[in-house]
Amino acid sequence: MIHCNTLSHPTRRMNSDPSSTPNMQHSDLSDSRDSSGTTLAGWAFQGMVITFGLTMGCVFMGVILWMIGADEPPEENQTIFVLIGVVALVANTVVAFLVPAMLRSAAATELKSADGAVASARTWAQWPEREPMPLPLSRFCQTDQTARLIGQAVMEGTAAINFVMMFLTRSPVNLLCALFALLGVVAMFPTVGRMRNRIASALEA
């Protein structure tokens with residue numbers, strides 16, 4: 001009985017040892033996660049889905065407001081509502097392109113200062129779309145995605161404002177402003193080619 005107990009204790013100690021081989025494998029997996037990010041195709045697909053959702057949601061809103069307002073008389077003082085839509089379009093268009101440009105400029109500076117960026121510039125600019133990216137490239141693409149979402153969200157909000165103004169005024173000016181804002185959302189549609197061009201521009205700047 002005593003002999004069996006002494007044999008069982010080392011076994012339990014070996015199974016609960018925190019310095020065993022599985023921890024070494026976990027460390028390797030952690031290093032792998034730190035050295036690579038997602039793929040160009042993955043970032044582009046996420047952006048495409050978001051662009052489609054933003055565009056279609058705003059289009060449905062405009063159609064519903066148009067149908068609801070078809071039988072309603074327009075507001076008497078339409079000028080103020082038309083001006084609100086026009087001013088929103090002008091101001092938000094500037095914001096939608098200025099803020100993302102500032103974010104991308106900062107991301108480009110960070111990418112160029114990354115270790116090995118100069119030696120890897122040509123390789124990174126033509127990175128295969130379905131291969132995991134190095135960490136500096138993944139961070140750059142994440143910032144690029146954030147910049148694009150900010151621009152698209154601002155333009156979508158501008159389209160929504162003008163659709164509401166259209167509902168109140170039935171003015172073609174507000175309709176045109178809304179369509180122009182939607183065009184701005186679609187113009188930011190991401191592709192792998194566009195992302196590669198941004199990477200190349202960032203490394204060459």
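The values are calculated or read from the model by the stated rules, or taken from the named source; none is laboratory data. Fair warning: this is a prediction, and the values are worked out from it, not measured in the lab. We place every Cβ from the backbone using ideal geometry, glycine too, and count neighbours over all the protein chains shown. Accessible surface is based on the protein model in full, side chains and every heavy atom, while ligands, DNA and RNA are left aside. Shrake-Rupley method; radii C 1.70, N 1.55, O 1.52, S 1.80 Å.
Data overview
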{"read-out": "Residue match in segment 77-85 (condition: among the polar types (S, T, N, Q) and under 20 Å from Ile199 (Cα atoms))", "value": "no"}
{"read-out": "Any chance Glu129 is part of a helix (DSSP H, G or I), under 19 Å from the mean Cα position of the chain (by Cα) and charged (D, E, K, R)", "value": "no"}
{"read-out": "Cβ pairs under 8 Å, 6+ apart, first in segment 86-110 and more than 15 Å from Thr158 (Cβ to Cβ), second surrounded by 17 or more Cβ atoms within 10 Å (Cβ to Cβ) and charged (D, E, K, R)", "value": "Arg104/Asp144; Arg104/Arg198; Ala107/Asp144"}
{"read-out": "Of all residues in segment 149-193 being free of Cβ contacts under 8 Å to residues at least 40 places away in the same chain and closer than 23 Å to Ala41 by Cβ, the one that is most open to solvent (accessible area, probe 1.4 Å)", "value": "Ala187"}
{"read-out": "From the options Leu103, Leu83, residue that is farther than 16 Å from Leu176 by Cβ and either part of a helix (DSSP H, G or I) or at pLDDT below 95 (or both)", "value": "Leu103"}
{"read-out": "Whichever residue in segment 79-101 is under 28 Å from the mean Cα position of the chain (by Cα) and open to solvent by 70 Å² or more (accessible area, probe 1.4 Å) and, among such residues, is nearest to Thr169 (Cα to Cα)", "value": "Val87"}
